[in-house]
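K.L.:
First the structure, which I've put down as structure tokens, then a few questions once you've had a look.
The values are calculated or read from the model by the stated rules, or taken from the named source; none is laboratory data. Just so it is clear, the structure is predicted and the values come from calculations on it, not from any experiment. Backbone-built Cβ (ideal geometry, glycine too); neighbour counts: all protein chains shown.
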Amino acid sequence: MTVVGFFSKGTSISVQNNWEQKLKLFLPSIKLVPLLSKEALNVTIALIWKAPMERLKELKNIKGLISLGQGVDHILYELSIPKNITIVRIVDPYMAKSMSHWVLLSVLNFIRDTYGYYDQEKNKKYQPRKEKNFLTIEIAVYGVGAIGTVVAKDLYQMGFKVNGWSRTKKEIKGVTCYHGESGFSKLIKTCDVHVCLLPLTSSTKNIFNKIAFKNMKYGSCFINAGRGDHVVEEDLLENCKSGQISNAILDVYKNEPLPNSHNFWEQENIRLWPHVAAETNPETAAKQIANAIKCINNNILPPNTINRNLGY
Ligand code: NDP
């Protein structure tokens with residue numbers, strides 16, 4: 001039997017059972033046990049989302065951690081994880097497409113002024129609003145990895161001018177690619193819509209701050225589905241109040257769930273989603289997770305093992 005520890009914050013046992021059922025299709029010997037239970041003490045692998053990482057110290061045989069999401073910041077915040085523990089993430093085309101749908105929706109809502117029309121509808125006001133010419137709008141996608149590349153390509157297919165930003169040099173058909181600090185400074189100044197799809201690392205934390213927002217064009221649209229910590233929230237709020245940012249569409253926050261007392265709730269031009277832009281789908285992710293489990297137990301490095309030095 002392959003016993004694997006399981007922890008997914010805020011979910012019930014039925015979620016664990018569903019994962020076990022989906023994983024059994026590819027690894028019939030698997031048994032998932034709650035990570036915090038006694039049964040998990042001897043596991044070699046844990047399948048986790050926002051788990052209490054101090055538990056690791058009690059798992060003497062642990063060899064691998066598999067993230068239930070594409071990001072691994074929920075694991076790597078714990079700096080003391082030994083380097084010999086393999087950390088794997090999901091890379092699922094289903095999630096990339098799902099994110100692409102959410103970003104397209106957000107961009108289109110901005111360009112077609114959906115919320116302005118909603119307000120008019122409430123007041124029975126039948127009147128065209130000033131239209132934005134999509135041909136003149138430039139979009140920057142910060143982070144063109146597994147997800148951002150799909151998003152950038154889809155935006156291009158929709159007829160937009162799209163730019164991508166990454167750490168290393170990239171070539172993506174239809175997308176103008178930039179990298180490094182100079183690329184960031186250029187895109188911040190020249191684009192109208194800014195989409196953050198970066199992983200959270202020490203280099204990307206607070207990257208959207210007072211200076212970045214100040215350098216954006218007046219009336220820019222800011223979309224964040226990366227992580228809350230990419231943004232200095234007070235700086236975003238101030239810029240939304242002044243109109244420097246005309247629309248912010250957010251899926252992720254420094255503190256999740258977003259507290260009731262947070263000022264974002266009161267700010268009309270900030271649209272809030274509860275971290276649902278691209279949710280993990282056990283049906284499409286099970287195969288690669290089962291493979292990662294087999295690899296780790298056979299001392300083979302699985303696909304999508306993260307680079308500990310880079311943090312993603
Ligand atoms: P990838 O690792 O595949 O891609 C990351 C991209 O960011 C790469 O293009 C990488 O550059 C770039 N990058 C990383 N660090 C830097 C840096 N310092 N400067 C410039 N570019 C940098 O990640 P994914 O596309 O799979 O996922 C991205 C993030 O999306 C996740 O980490 C997670 O935070 C978020 N996410 C959010 C979800 C939601 O529902 N809101 C769902 C899923 C993911 P390079 O290509 O050169 O390495």
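K.L.:
Taking into account only those residues within segment 211-247 that are β-branched (Val, Ile, Thr) and touching a residue at least 12 places away in the same chain (Cβ under 8 Å), which is surrounded by the most Cβ atoms within 10 Å (Cβ to Cβ)?
P.N.:
Among those that are β-branched (Val, Ile, Thr) and touching a residue at least 12 places away in the same chain (Cβ under 8 Å), it is 223.
K.L.:
Only one of 160, 110 is of a type outside the set (Asp, Glu) and out of contact with any helix residue (DSSP H, G or I) (no Cβ under 9 Å at 6 or more places or on another chain); which? Let's see the steps before the verdict.
P.N.:
Working: 160 fails: out of contact with any helix residue (DSSP H, G or I) (no Cβ under 9 Å at 6 or more places or on another chain).
Going through 160, 110 in turn, the sole match is 110.
K.L.:
While we're looking at this one, here's another question. Can you tell me how many residues within segment 278-312 are in a loop (DSSP other than H, G, I, E, B) and either over 18 Å from residue 145 (Cβ atoms) or in contact (Cβ under 8 Å) with a residue 12 or more places away in the chain (or both)? First the steps, then the outcome.
P.N.:
So the first thing to find is which residues in segment 278-312 are in a loop (DSSP other than H, G, I, E, B), and the list is 278-281, 298-304, 306-312.
Within this subset, residues satisfying the condition of being either over 18 Å from residue 145 (Cβ atoms) or in contact (Cβ under 8 Å) with a residue 12 or more places away in the chain (or both) are 278-281, 298-304, 306, 308, 310-312.
Residues meeting the conditions: 16.
K.L.:
Only one residue in 13, 48 is modelled with pLDDT of 95 or more and touching a Leu at 6+ places or on another chain (Cβ under 7 Å), so which one is that?
P.N.:
The unique qualifying residue is 48.
K.L.:
Here is a follow-up. Return the pairs, sorted by first residue and then second, in which the second residue is charged (D, E, K, R) and away from the ligand (no atom under 11 Å from the Cβ), the first residue lies in segment 195-210 and is closer than 20 Å to residue 278 by Cα and part of a loop (DSSP other than H, G, I, E, B), the beta carbons are less than 9 Å apart, and the residues are 6+ apart or on different chains.
P.N.:
Matching pairs, first to second residue: none at all.
K.L.:
Related question: Looking at segment 185-220, which of the residues that are under 18 Å from residue 148 (Cβ atoms) and among the small types (Gly, Ala, Ser) is nearest to the ligand (Cβ to nearest atom)?
P.N.:
The selected residue is 203.
K.L.:
Also: Residue under question is residue 204, and the condition is that it be under 27 Å from residue 67 (Cβ atoms) and of a type in the set (S, T, N, Q); does it hold?
P.N.:
yes
K.L.:
Continuing with this model, one more query. When residues of segment 65-110 are filtered for being in contact with an Asp or Glu (Cβ under 7 Å, 6 or more places away or on another chain) and more than 13 Å from the ligand (Cβ to nearest atom), how many remain?
P.N.:
Qualifying residue count for the region: 1.
K.L.:
With the requirement that a residue be over 16 Å from residue 46 (Cβ atoms) and surrounded by fewer than 17 Cβ atoms within 10 Å (Cβ to Cβ), what does segment 63-79 give you?
P.N.:
Scanning segment 63-79 gives a single hit, 79.
K.L.:
Let me ask something additional. Applying the selection to segment 42-55, what residues are of a type outside the set (Phe, Trp, Tyr) and surrounded by 14 or more Cβ atoms within 10 Å (Cβ to Cβ)?
P.N.:
Scanning segment 42-55 gives 43, 44, 45, 46, 47, 48, 50, 51, 53, 55.
K.L.:
Hey, residue 285 hits all of (1) over 24 Å from residue 257 (Cβ atoms); (2) among the hydrophobic types (A, V, I, L, M, F, W, C); (3) more than 11 Å from the ligand (Cβ to nearest atom) but one; which does it fall short on?
P.N.:
Checking residue 285 against (1) over 24 Å from residue 257 (Cβ atoms); (2) among the hydrophobic types (A, V, I, L, M, F, W, C); (3) more than 11 Å from the ligand (Cβ to nearest atom), the one that fails is (1).
K.L.:
For residue 165, which of the numbered conditions (1) surrounded by 22 or more Cβ atoms within 10 Å (Cβ to Cβ); (2) within 15 Å of residue 248 (Cα to Cα) fails to hold?
P.N.:
For residue 165, the exception is condition (2).
K.L.:
Considering segment 241-282 alone, what residues qualify as being under 23 Å from residue 108 (Cα atoms), within 16 Å of the ligand (Cβ to nearest atom) and among the charged types (D, E, K, R)?
P.N.:
Scanning segment 241-282 gives 251, 271, 279.
K.L.:
Here are 203, 261: which of them is exposed (fewer than 12 other Cβ atoms within 10 Å of the Cβ) and either modelled with pLDDT of 95 or more or within 30 Å of residue 24 (Cβ to Cβ) (or both)?
P.N.:
From the options 203, 261, the qualifying one is 261.
K.L.:
Further question on the same structure: Within segment 95-128, work out how many residues are of a type outside the set (Gly, Ala, Ser) and touching a residue at least 24 places away in the same chain (Cβ under 8 Å).
P.N.:
Qualifying residue count, segment 95-128: 11.
K.L.:
Given the conditions (1) at negative phi; (2) surrounded by 15 or more Cβ atoms within 10 Å (Cβ to Cβ); (3) within 12 Å of the ligand (Cβ to nearest atom), and given that residue 310 satisfies all but one, which numbered condition is not satisfied?
P.N.:
Every listed condition holds for residue 310 apart from (2).
K.L.:
Name, by its number, the condition in (1) of a type in the set (S, T, N, Q); (2) farther than 25 Å from residue 79 by Cβ; (3) touching a Gly at 6+ places or on another chain (Cβ under 7 Å) that does not hold for residue 220.
P.N.:
(3)
K.L.:
Return the total of residues in segment 1-14 being assigned to a loop (DSSP other than H, G, I, E, B) and more than 24 Å from the chain's Cα centre (by Cα).
P.N.:
Residues in segment 1-14 being assigned to a loop (DSSP other than H, G, I, E, B) and more than 24 Å from the chain's Cα centre (by Cα): 1 in total.
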